[in-house]
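Below: one structure, written as structure tokens.
Read-outs: derived from the displayed coordinates by stated rules, not from any lab. Because the structure is predicted, anything quoted here is derived from the model rather than measured. Positions of Cβ are backbone-derived with ideal geometry, glycine not excepted, and every protein chain shown enters the neighbour counts.
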Amino acid sequence: MEPIHLPTPNLPKPLDIPQMDLKEPWTMVPSYRPMVIPPADLEAPEEVKKEEKKEEQPEPPKLKIPVIDIQMPIPETAVVVTAVTTAVVAVATTTVTQSLFEPIKKKVQKQLQAKINKWKEKRKQKKDSSES
């Protein structure tokens, strides 16, 4: 028997396609340090001595009024600054709003007075007509 002779196909060479390297996606995972909360019934061991803290607060400065012989405590700077700021803002707001609302108030007052006068005239006319 004779071997079968198959023709070999003439195929073109494969195309050279460059490979793209894709990196794996990544992200920064948020992390935190765990917070340790002691139990509510936590007590110090018996061997530990408690420290006694004595913080003496300095005596507030005082203003001596010589005529009436009274010592008046001077408030702290923060308190004075807060009070002065509040007073300045209140006065400025009142001044500005008063100048804005004064003309409106006058117009409204004139209109109300005109309506009251008309009402009084009508009432007077009704009284006069009922008396006749």
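I need the calculated FRET efficiency for the pair T93 and M72, taking r as the beta carbon distance and R₀ as 30 Å, to the nearest 0.05. Present the calculation step by step, with values, prior to reporting the outcome.
Details: r = 30 Å, r/R0 = 1.01.
With a Förster radius of 30 Å, E is 0.50.
Please compute the modelled spin-label separation between Q109 and I4, points set 7 Å along Cα→Cβ, answer in nm with one decimal.
That separation, rounded to one decimal, is 12.2 nm.
Between P7, P73, A92, whose Cα lies farthest towards the positive end of the dipole of the chain when Lys and Arg beta carbons carry +1 and Asp and Glu beta carbons carry -1, centred on the Cα centre?
Result: A92, furthest along the dipole toward the positive end.
What do you get for the angle between helix 77-131 and the principal long axis of the chain? Use alpha-carbon atoms, 0 to 90 degrees, nearest ten.
60 degrees
Per-residue HN-Hα couplings for region 18-28, Karplus 6.51 cos²θ - 1.76 cosθ + 1.60 at θ = phi - 60°, whole Hz, x for Gly and Pro?
With the stated coefficients, region 18-28 comes to x, 7, 9, 8, 9, 7, 5, x, 9, 8, 8 Hz.
Report, in deg cm²/dmol and to the nearest 500, the calculated mean residue ellipticity at 222 nm for the chain, where each DSSP H run with n ≥ 4 adds -39500 (n - 2.57) and the sum is divided by the residue count.
-15500 deg cm²/dmol
Determine the shape class of region 47-123: with a ≥ b ≥ c the square roots of the Cα gyration tensor eigenvalues, call it rounded for a/c under 1.5, and otherwise prolate if a/b is greater than b/c, oblate otherwise.
Taking the square roots of the gyration eigenvalues as a ≥ b ≥ c, region 47-123 is prolate.
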